[in-house]
1. In segment 472-502, what count of residues is obtained for those that are more than 26 Å from the chain's Cα centre (by Cα) and either of a type in the set (S, T, N, Q) or within 30 Å of G74 (Cβ to Cβ) (or both)?
2. Here is a list of conditions, (1) within 22 Å of D564 (Cβ to Cβ); (2) surrounded by 16 or more Cβ atoms within 10 Å (Cβ to Cβ), and F289 meets all of them except one; can you say which number that is?
3. For segment 586-601, enumerate the residues that are under 26 Å from the mean Cα position of the chain (by Cα) and closer than 16 Å to L558 by Cα.
4. Given the conditions (1) surrounded by 14 or more Cβ atoms within 10 Å (Cβ to Cβ); (2) small (G, A, S); (3) at pLDDT 95 or above, and given that G591 satisfies all but one, which numbered condition is not satisfied?
5. So for segment 315-332 (the condition being within 11 Å of Y386 (Cα to Cα), out of contact with any Gly (no Cβ under 8 Å at 6 or more places or on another chain) and either of a type in the set (A, V, I, L, M, F, W, C) or in the same structural domain as A400 (by TED's automatic domain parsing) (or both)), does at least one residue qualify?
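The values are calculated or read from the model by the stated rules, or taken from the named source; none is laboratory data. Here the structure is a predicted model, which means the values were calculated and not measured. Heads up, the Cβs are rebuilt from the backbone with ideal geometry, glycines too, and the neighbour counts pull from every protein chain shown.
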Amino acid sequence: MKRSSRDNDESGRRISRRMMVLGGAQAVMAVALALRMRHLQVTEADTYRMLAEENRINIRLIPPIRGMVYDRAGHVVAENEQNYRIVVVREDAGDVEETLARLTRLVPLDEETIERAMREINRHSPFVPVTVADRLHWDDVARVAVNAPALPGISPEVGLSRHYPLGPDFAHLVGYVGPVSESDLAQIETPDPLLRIPRFQIGKTGVEAKYEDRLRGKAGTRRIEVNAAGRVIRELDRIEGQPGSDLQLTVDAGLQNFVQARLGEESAAVVVMDVERGDLLALASSPSFDPNLFVRGISVADYRVLTDTPYRPLSNKTVQGAYPPGSTFKMITALAALEDGVITPEETVWCPGHLTLGTRRFHCWKRGGHGHVNLIASVEQSCDVYYYDIGQRVGIDKIAEMARKFGLGEVFDLPLSAVGAGLVPDRAWKRARRGEEWRVGDTLNASIGQGYVLSTPLQLAVMSARLATGRAVVPRLVKSIDGVEQPSGAGEPLDVNPANLARIRRSMDAVVNSRRGTAYGSRVVAAEMAMAGKTGTSQVRNITAAERAAGVFRNEDLPWERRDHALFVAYAPVETPKIAVSVVVEHGGGGSAAAAPIARDVTLRALHGDVPPLSAYPDRQRWEIEERLRKLRLRDPGTAPSSGRSRA
């Protein structure tokens, strides 16, 4: 059927409309494409040019400057020194082994260094820079820079490495840093990307470890352009990181050095504490070690020297060593009895040299006994039988309660590794830990600081500070962070009768300054620096009945490891206490002979602020003291060897 002209016109108009709509849509699309192309080619040109050239643009982390550590007077105890090193990027180096072989012709590298570098290169991503050698001389770095075209992927760099100018003096306090290990990463839930940089150093022990997050700082970044051979052409931009915080410790570097020198080669520990604020003025563990050995990874030979000795130089004995406090614990037993009202200060106990309990004898250190002794005489002469007697009357639970009140058995919050709790036993403890009931004999042993009782030198110093002040003084090691003073450890008054505390102080005064006192030989004759204290000797072996009958072996006749520990606690000056001191000499024998003389020298150095004056010692001892002090290897912390590098 033939279509009419009218139908043909309508069909044409319909087709025209469709063509217009389609054309319009095409025009819109064309405009949109044009605008998009303009945006990509003009507006975002730099961004996409960067993406197109991504294969020659690297972004690398900039390790931040680690925070410094100072002593209370501002002397540097941990700093950063300039370190020239060589790094390699595997993806830029091509044949890594061949490249390293060329490098060894310019810089002397042993096989162990090359093998370690290859292990790290293979363990990390191809784009991660790996340190091949560090602590190089400038001449070595210069040779590498001149021969850069022949060493693809190799770059000389300047960085910072940790250095401890006072060496062994602060090894147990500040600790040391070392390369990040796999075990370090495994202990962190979300590791900082910095920690994955090969040979990046973090704190391993001491303050370095406990304040790692504050000392480390925040990483920066730099964007560098490299050519096809992997050589750095230029640095495109850099964003500096945030330096770590600076710490100031409460420790006096001069006093710390004196204490370490005074201890010499003894296996011993000394704590000196400011009784007003709780500041730890010295925390010395002997023998010590050089923490600089650990910074780059200590050798097997050097590490074996530190571990193959019974003196345990790697252990911080001031907080990790747990020792029976011996007679230094007697003030606690006496206070518990006084506070409970089971004794009066003038009440006497008869000491024939032993106390019989059932079929067993508990002996006094003085074989013939002390006769009738009251409170002051019992501390002055360290009569064991007096404490056996009053210990039975007051009971272990009240003794334990008093011990805890004076800081024994407490873990103090200090930035040190493995701070020990010691042990203050009671009935509940023995039932829970040993499945046994407490016995009267256990109380007798505990009353003189033996048996299950254990304490650290730090706890004994805290005990002495609390006895001297009557306040719950708490030890403080960090004085300030970035100049912000940290909370004081002055503490609140203890819930103890001041009159009873005064009696204990008088008895400690008698120990040192009475002719019958066990530490009279270590007295200070300068009244303004006179000290009060208590000797202690803790057994590490059982004395058999046969040995006692035949005559107990003298400590000097026994092997070192079977000798008694020697202890002494003190505070000074007697009238206005400023410092508290505790000394433990492992297997040193008697406290009066081995520990008290050390405590006196340390006390005088702390109060005098310099080498103790001879006028503070008894006349007959001055020649001997002068010789001993003259032989000490002391150094001024202000002139200690330093790299001269810090944050600059």
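1. Residues meeting the conditions: 2.
2. Single failed check for F289: (1).
3. E586, H587, G588
4. (3)
5. no
Matching residues to (1) touching a Pro at 6+ places or on another chain (Cβ under 7 Å); (2) modelled with pLDDT of 85 or more:
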{"site": "V76", "(1), (2)": "yes, yes"}
{"site": "R85", "(1), (2)": "no, no"}
{"site": "E98", "(1), (2)": "no, no"}
{"site": "A101", "(1), (2)": "no, no"}
{"site": "R123", "(1), (2)": "no, no"}
{"site": "T131", "(1), (2)": "yes, no"}
{"site": "D139", "(1), (2)": "no, no"}
{"site": "V158", "(1), (2)": "no, no"}
{"site": "H163", "(1), (2)": "no, yes"}
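Table: residues versus (1) of a type outside the set (K, R); (2) crowded, with 23+ Cβ neighbours inside 10 Å.
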site: Q242; (1), (2): yes, no
site: V251; (1), (2): yes, yes
site: E276; (1), (2): yes, no
site: R296; (1), (2): no, no
site: D302; (1), (2): yes, no
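Matching residues to (1) part of a loop (DSSP other than H, G, I, E, B); (2) among the aliphatic types (A, V, I, L, M):
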residue: V128; (1), (2): yes, yes
residue: P149; (1), (2): no, no
residue: S155; (1), (2): no, no
residue: L160; (1), (2): no, yes
residue: D169; (1), (2): no, no
residue: P191; (1), (2): yes, no
residue: R199; (1), (2): yes, no
residue: V207; (1), (2): no, yes
residue: T221; (1), (2): no, no
